[in-house]
Amino acid sequence: MLRTIRPHPMVLRSRPLASIPRVQFYSSKGKSKGKTSGEKKPEHKKIPVWHKLKALTSFTASSLLVVGGVGVSGVVLYLILSELFSPSGDTMLFNRAVTLVEDNEEVRKLLQCNDSSFKKERLKAYGELVTNDRWTRNRPIVSTQKIDKYGKCHHFMRFHLESKKKLGLVHVEAVDSEQNYKPNFVSMYIDIPGEKRFYIIRPKLRQVVRPKSIFGFPWGSRKE
């Protein structure tokens, strides 16, 4: 009688994962940049109060200097522009007065100008004779301003007018106009040594009303 032998089945047992040892791999290139617990943290230095006050003071002073410089520059620029281009400025008033005097034929005769039918002698107009220099453009022009009782501004100016033979002194008075921006000339005359005073613009006489009198004194308006 034959007997068959059956092979025993193999039983595979798996080990739990916890019991398998873990292997860790380290790379020399990927070092951690974090700080270890043994390193000391840098301490932040506190800025003293007087350093802060010093910085604030210097910044404030610099700002004030800049603002002050801008303000002074603006004022100077305004004065220069108003003097050169304002109709009531001394420069514009001087140029208008010189043109009126130069165009007056009687004044040219008194100054003994060498005029012809083709060409007229060019006159020199300048301010005060401070020194004996020849730079007539640098000589200042004397001018003053006064406010009358009516609130109007009166401009007074004088300058020299010179020909090749004679020298005259021109006196000008102008009053601010209510119709336009240019002051109106109310008086202009020239004094030339050896000649009688000549009026280019003669001032108008004002009439003053005097109170009436019953004692025989003259009454009515009179001229001043």
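FYI, it's all coordinate maths here, none of it is from the lab. Keep in mind that what you see is a predicted model, and the values were worked out from it rather than measured. In this analysis, Cβ positions are derived from the backbone assuming ideal geometry, glycine residues included, and neighbour counts consider all displayed protein chains.
Ranked by the mean number of other Cβ atoms within 10 Å of their residues, highest first, the peptides 195-205, 66-76 fall in the order 195-205, 66-76.
If R0 is taken as 30 Å, the Cβ-Cβ distance between LEU100 and VAL72 corresponds to a FRET efficiency of 0.20.
Put simply, when 109-120, 157-168 are sorted by average Cβ atoms within 10 angstrom per residue, most first, you get 157-168, 109-120. Structure shown: which of LYS149/LYS182; LYS109/LYS152; LYS146/LYS204; LYS119/LYS165; LYS120/LYS204 lie over 26 Å apart, alpha-carbon to alpha-carbon? From the list (LYS149/LYS182; LYS109/LYS152; LYS146/LYS204; LYS119/LYS165; LYS120/LYS204), the Cα-Cα distance tops 26 Å for LYS109/LYS152; LYS120/LYS204. Projected label points at GLU128 and THR91, each 7 Å from Cα along the beta carbon direction, are separated by 2.1 nanometres.
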